[in-house]
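Please read the structure below before turning to the comments.
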Amino acid sequence: MGFSASDVVPFTQARANLSELAEQAKAGAEKIITKNGQSYVALIDADRLDYYHRLDRERIHLLLLEDAKRGLADIAAGRTCEADAAIARRQEHRAAIASAGERRPRVSAGAKASRGAKKRA
């Protein structure tokens, strides 16, 4: 859904005309309220917001069903392991990532800026 210039409203104007904007939102318009020239909040009808939330829950359910389908396919193909072993492997993997992160040399912001200047030169 596209927005027109009339759908973008500065915060100060929205505060002064909230009742009118609310009526427009109830009638189906969606308003983007800006603050300091940046998108800040949206004003939409509560029923439409509820619809958006239902769509999001539906999408999540579909993703869960896809995960279950892949899991069942793994079981059918014999790609299984004991839960304790899988958890242990996952913990080892996380520990390896954490220790690799600790071994990386930390670079200060000044050093990064200095390197950037050298690259541009």
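Assorted remarks:
- The trypsin sites (Lys or Arg not before Pro) of region 1-83 that meet both conditions, a loop assignment by DSSP and at most 12 other Cβ atoms within 10 Å of the site Cβ, are R79.
- Modelled spin-label separation between Y51 and N36, with each label point placed 7 Å from Cα along the Cα-to-Cβ direction: 3.4 nm.
- In this structure the amide hydrogen of A42, modeled in the peptide plane, comes within under 5 Å of the amide hydrogens of I33, none closer than 5 places in sequence on its chain.
- Counted charge near N17, where neighbours are those whose Cβ lies closer than 12 Å (Asp, Glu -1; Lys, Arg +1): 0
- Full extension of the chain between D84 and A29 gives 14.5 nm of extra length, using 0.36 nm per residue less the Cα-Cα distance.
- Here the simple spin-label model places points 7 Å from the Cα toward Cβ, and for A77 and R94 these points are separated by 2.6 nm.
No lab work stands behind these numbers, since they all come straight from the coordinates. Note that the structure is predicted; figures quoted are calculated from it, not measured. Don't worry about glycine lacking a Cβ; one is built from the backbone with ideal geometry, like all the others, and counts go over all protein chains shown.
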